[in-house]
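Have a look at the structure below, then the notes.
The values are calculated or read from the model by the stated rules, or taken from the named source; none is laboratory data. As the structure is a computational prediction, the values presented were derived from the model and not from experiment. Using ideal geometry, Cβ is built from the backbone for each residue, glycine included, and neighbour counts are taken over all protein chains shown.
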Amino acid sequence: MLYYLIFGITYSFAAVAQPGPFQAFLFSQSITNGWRKTFPLVFAPLISDLPVIILVLFVLTNMPPEVLWILQSVGGVFLLYLAFNAYKAWHVFHQNEVQEVSPQRNVLKAAMVNILNPNPYLAWSLVLGPLLIKGWNESPANGIILLLAFYSFMIIFSIAMIMLFSAARSFGPKISRISIGFSAIALAVFGFYQLGSGITEFM
């Protein structure tokens, strides 16, 4: 049981620390809206990963690779949409302007980032899925510990990341505007990369 606990904690840290579309989205929202309005987004993987787990464990592993490539391309388009929104926020940015944001809407956006991102599918099909099945077969408690450790510490590490990102707002409007621009570039890079990779693999 200790092995599954340690692995869940370690892998969650690696998942949060590794640059990716979800981290870029958290960065964008932290800089634009502050940590209080971004805080609910850390729970987005709890929404998005359930269908991912079901697909990987019961469906996706038996599907042709073209399905993942198509999904990757669609995810790239969605990330480009988020990058465009971040660019608009950069273009009209005013430090003193109160920005009204719907937390529910942003949580759904964050969940969509994960659903349309191939990384969770790869992680669950290659690492977490097989380990979860192995641990559950040994003892259901092992599988439960793995899930609890992974997602609880993912939330903790994500909160720490949001606090770090949002601290950049205290350095003045110029730095905040630069940070928003950087987040737009990061989202665009991930979007073009996913879209290009998906199209290349498919062709």
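Take A110 and decide whether it is at pLDDT 70 or above, surrounded by 16 or more Cβ atoms within 10 Å (Cβ to Cβ) and farther than 20 Å from G198 by Cα. Spelling it out, A110 is indeed at pLDDT 70 or above, surrounded by 16 or more Cβ atoms within 10 Å (Cβ to Cβ) and farther than 20 Å from G198 by Cα.
Out of the residues in the range 126-146 that are surrounded by 18 or more Cβ atoms within 10 Å (Cβ to Cβ) and of a type outside the set (V, I, T), which is nearest to I6 (Cα to Cα)?
L146
Among the residues making up the range 183-203, a single one is more than 25 Å from S30 (Cα to Cα) and buried (at least 22 other Cβ atoms within 10 Å of the Cβ): G198.
The residue that is surrounded by the fewest Cβ atoms within 10 Å (Cβ to Cβ), among those in the range 11-60 that are small (G, A, S) and under 15 Å from L79 (Cβ atoms), is G20.
Just so you know, in the range 40-80 the residues that are of a type in the set (F, W, Y) and within 15 Å of F22 (Cβ to Cβ) include one that is modelled with the highest pLDDT, and it is F43. Of all residues in the range 40-57, those that are touching a residue at least 12 places away in the same chain (Cβ under 8 Å) have Cβ atoms under 7 Å from Cβ atoms of residues that are surrounded by 15 or more Cβ atoms within 10 Å (Cβ to Cβ) and polar (S, T, N, Q), 6 or more apart or on another chain, in L41/Q29; L41/N106; V42/S158; A44/N114; P45/N114; S48/N114; D49/N114; V56/S125.
Answer yes or no as to whether Q18 is at pLDDT below 75 and under 21 Å from F182 (Cβ atoms). Criteria met by Q18.
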